[in-house]
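First the structure, in the form of structure tokens, and then the observations on it.
The values are calculated or read from the model by the stated rules, or taken from the named source; none is laboratory data. Computed from a prediction, not measured in an experiment: that's the story for all the values here. Here the Cβ is made from the backbone with ideal geometry for all residues, glycine too, and neighbour counts use every protein chain on show.
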Amino acid sequence: MRNQSRIAFFLLLTPLLLWLGLLIIIPHIDMLLISLRERISFGVYEPSLTQYEKALTEPLYLRTFWRTAVMSVLATGMTLLIAFPVAYYIAKMAKGRLQQVLFMLCLIPFYVSELVRTFGWMILLRETGLVSNLLQWTGLADQPVELLYTDATMMVGLVYTSMLFMVVPLVTTLESLVEAGYDLGGSGLSVLREIIIPHAMPGIVSGCIVVFMLSLGNYLTPTMLGGKDSLWFTEMIYNQFIVRSNWELGAAFGFMLLVLSSAIVWGMLRLTGRTLRETIG
Amino acid sequence: MIPTIPQSRLFRMVYGGYVALFFLYLALPLTVVAVFAFNDSQFPSLPWEGFTWNWFFGEERPQIGVFHERGILRAVGTSAFVALCVAGLSVCVGTTNAFLFNRYEFRGKGLLYVLMLLPLVIPGIVLGISILVFSSTLANGIWDMAQIDVQALRPGLLLVILGQFSFITTIATLVISARLQKFDRTLEEAALNLGADRLTAVRTITLPFLAPAIIGAVVVAFLMSFENFNTTLMLVGSDAPLTIAMFDRLKEGSTPLLNAVSLLLMLGSSLLALVVILFQRRP
């Protein structure tokens with residue numbers, strides 16, 4: 001019996017180790033090694049820090065890196081601001097059937113590919129698009145307006161794409177809010193600050209982490225909706241790997257993105273005293 | 001409504017209006033995609049040239065519909081194949097993971113659990129390039145040693161499947177674990193007392209209990225694979241799955257054909273989502 005249980009244990013452990021080892025850990029180590037070398041000539045490489053030096057001294061690379069980080073933080077903040085009142089409405093003000101329907105409505109757009117959502121925004125916002133036509137029809141503009149390819153458009157798209165991942169955890173935590181807390185008095189604003197927000201903190205943290213990750217790692221939205229100046233860091237990774245075949249530099253970029261996202265996720269967890277396990281597990 | 005907080009009518013109207021605007025924002029892009037699938041024009045934009053089914057069933061140029069457009073049909077087939085493989089693989093590994101974490105105490109369990117969660121916080125594009133880099137290191141190594149070119153390790157369907165599997169497995173594990181935790185283990189022990197061996201007990205008692213979670217995980221994995229873009233983009237070879245094929249067309253300029261494909265995708269995934277919800281509803 002004891003022996004049988006040991007065999008079962010190893011049978012269950014093997015797939016886990018194979019998966020994590022072969023598809024997550026070793027590939028990332030390999031990527032790190034490749035980013036730490038320099039191509040001397042065909043098939044000849046030397047260990048060096050050149051790639052990181054390039055990445056950290058070339059203004060375009062560095063600028064794109066920080067821009068991507070700042071814009072992702074901004075997108076996360078905006079998503080939280082927009083989603084919070086809606087989540088509160090769904091969790092606390094809507095009742096019964098309406099509550100269920102609103103919650104389901106929040107989920108529907110996200111069963112659809114990100115590509116389709118981005119395509120929708122393109123149809124709405126391009127020069128010949130619906131919004132442009134609407135503006136001309138109402139007389140607010142006298143010629144077609146190009147609304148695509150700006151930072152603002154990209155923001156609209158980023159916020160839209162990750163909205164679900166903010167609304168769902170917020171609704172879940174807000175639903176458990178005990179209403180008796182309100183009877184102790186206090187103005188609306190102080191209730192919000194002292195009761196509602198602290199109570200929703202777990203939802204806020206996990207929502208923010210996921211939305212930040214999704215924004216940082218997004219490729220489609222910045223490529224399709226953003227302008228020439230709003231290069232995203234993922235686009236640079238793609239360019240180095242696929243367009244220029246410079247895997248060494250691309251791997252270095254990939255590692256920088258990984259470090260940035262891990263650092264911010266870790267920082268947020270530290271700040272709020274939570275663990276990864278309770279937040280997404 | 002919380003009765004003890006005085007709220008003016010104006011506040012409630014503004015609040016309600018805000019929520020309504022929010023849902024308009026959610027619905028707008030999808031609605032326009034759906035509506036312009038029926039525009040009798042080469043462009044998915046105004047002016048509205050009249051209603052047509054051609055972008056679905058049209059047989060000749062310039063309006064070849066989805067059901068007669070070979071490239072799109074092939075891409076749908078590729079996507080479905082990839083999604084089935086990913087769903088099958090990730091749910092199998094997800095189930096064994098769930099049993100491992102639920103049933104055994106061992107050294108390093110906490111660390112392994114955190115490692116298991118990691119793929120969710122790694123950007124998809126980084127997952128993609130790391131697997132691309134590692135597989136080509138492997139392929140080059142094999143070539144240097146034995147002069148055999150292993151095509152499977154070059155960008156293509158196998159890598160796409162592995163890349164998607166690498167993070168969808170985490171989700172499958174979480175979904176199945178959540179239900180396994182609710183399982184009453186005395187039921188399994190009862191079966192053992194009645195003379196069943198452990199495997200039979202798990203097969204006849206535990207797995208049926210897990211069935212709703214397993215089916216849910218299959219559908220979620222299938223949908224996530226079908227929709228995946230970032231990881232796939234880095235690993236794709238010559239036969240592109242649907243999202244990549246649509247992306248390539250979108251870059252060249254779009255016709256309502258893409259709207260028609262999108263509308264079908266929306267219908268398909270809503271249907272699948274409905275199946276999951278119905279399954280989860282059952283007690």
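Things worth noting here:
- Residue match in region A:41-61 (condition: over 20 Å from A:V259 (Cβ atoms) and acidic (D, E)): yes
- When we screen B:I125, B:I131, B:I142, B:I148 for residues that are loosely packed, with under 14 Cβ neighbours inside 10 Å and not charged (D, E, K, R), the only hit is B:I148.
- Just one of the listed residues (A:R67, A:R63, A:R37) is modelled with pLDDT of 85 or more and in contact with a strand residue (DSSP E or B) (Cβ under 6 Å, 6 or more places away or on another chain), and it is A:R37.
- Of the residues in region B:192-214, not one is of a type in the set (S, T, Y), touching a residue at least 60 places away in the same chain (Cβ under 8 Å), within 14 Å of another protein chain (Cβ to nearest Cβ) and out of contact with any Lys or Arg (no Cβ under 6 Å at 6 or more places or on another chain).
- Residue in region A:5-14 that is at the interface with another protein chain (Cβ under 8 Å from one of its Cβ atoms), touching a residue at least 40 places away in the same chain (Cβ under 8 Å), more than 25 Å from the chain's Cα centre (by Cα) and in a helix (DSSP H, G or I) present: no
- Residue count for region B:88-97 satisfying the condition of being out of contact with any helix residue (DSSP H, G or I) (no Cβ under 6 Å at 6 or more places or on another chain) and either farther than 22 Å from B:V218 by Cα or more than 10 Å from every other protein chain (Cβ to nearest Cβ) (or both): 1.
- Some residue of region A:29-51 being within 14 Å of another protein chain (Cβ to nearest Cβ), under 25 Å from A:S206 (Cα atoms) and either of a type outside the set (K, R) or surrounded by fewer than 18 Cβ atoms within 10 Å (Cβ to Cβ) (or both): no
- The residues of region A:136-168 that are without any contact (Cβ under 8 Å) to a residue 40 or more places away in the chain and away from chain B (no Cβ under 12 Å), listed by number, are A:T138, A:G139, A:L140, A:A141, A:D142, A:Q143, A:V145, A:E146, A:L147, A:A152.
- Residues within region B:232-263 that are in contact with a helix residue (DSSP H, G or I) (Cβ under 7 Å, 6 or more places away or on another chain), in a helix (DSSP H, G or I), farther than 27 Å from A:Q100 by Cβ and within 11 Å of chain A (Cβ to nearest Cβ), tallied: 16
Matching residues to (1) more than 10 Å from chain B (Cβ to nearest Cβ); (2) crowded, with 22+ Cβ neighbours inside 10 Å:
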position: A:M213; (1), (2): no, yes
position: A:L216; (1), (2): no, yes
position: A:L231; (1), (2): yes, no
position: A:L249; (1), (2): yes, yes
position: A:A252; (1), (2): yes, yes
position: A:V265; (1), (2): no, no
position: A:R274; (1), (2): yes, no
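- The number of residues in region B:67-92 being buried (at least 22 other Cβ atoms within 10 Å of the Cβ) and among the aliphatic types (A, V, I, L, M) comes to 7.
- Residue among A:A75, A:A87, A:A91, A:A69 that alone is under 20 Å from the mean Cα position of the chain (by Cα), assigned to a helix (DSSP H, G or I), within 14 Å of chain B (Cβ to nearest Cβ) and buried (at least 21 other Cβ atoms within 10 Å of the Cβ): A:A87
- Pairs where the first residue, in region B:169-181, is more than 9 Å from chain A (Cβ to nearest Cβ) and the second is in a helix (DSSP H, G or I) and β-branched (V, I, T), C-beta under 6 Å, 6+ apart: B:A172/B:V91; B:I176/B:T95
- Flag for B:L100 being facing chain A (nearest Cβ under 7 Å) and under 30 Å from B:L263 (Cα atoms): no
- Per-region count, region B:64-106, residues among the small types (G, A, S) and outside any helix (DSSP H, G or I): 1
Residue by residue, here is whether (1) in contact (Cβ under 8 Å) with a residue 12 or more places away in the chain; (2) more than 13 Å from chain A (Cβ to nearest Cβ); (3) in contact with a Phe, Trp or Tyr (Cβ under 9 Å, 6 or more places away or on another chain); (4) among the acidic types (D, E) holds:
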| residue | (1), (2), (3), (4) |
| --- | --- |
| B:S45 | no, no, yes, no |
| B:T52 | yes, yes, yes, no |
| B:F56 | yes, yes, yes, no |
| B:R70 | no, yes, no, no |
| B:R74 | yes, yes, no, no |
| B:V86 | yes, no, yes, no |
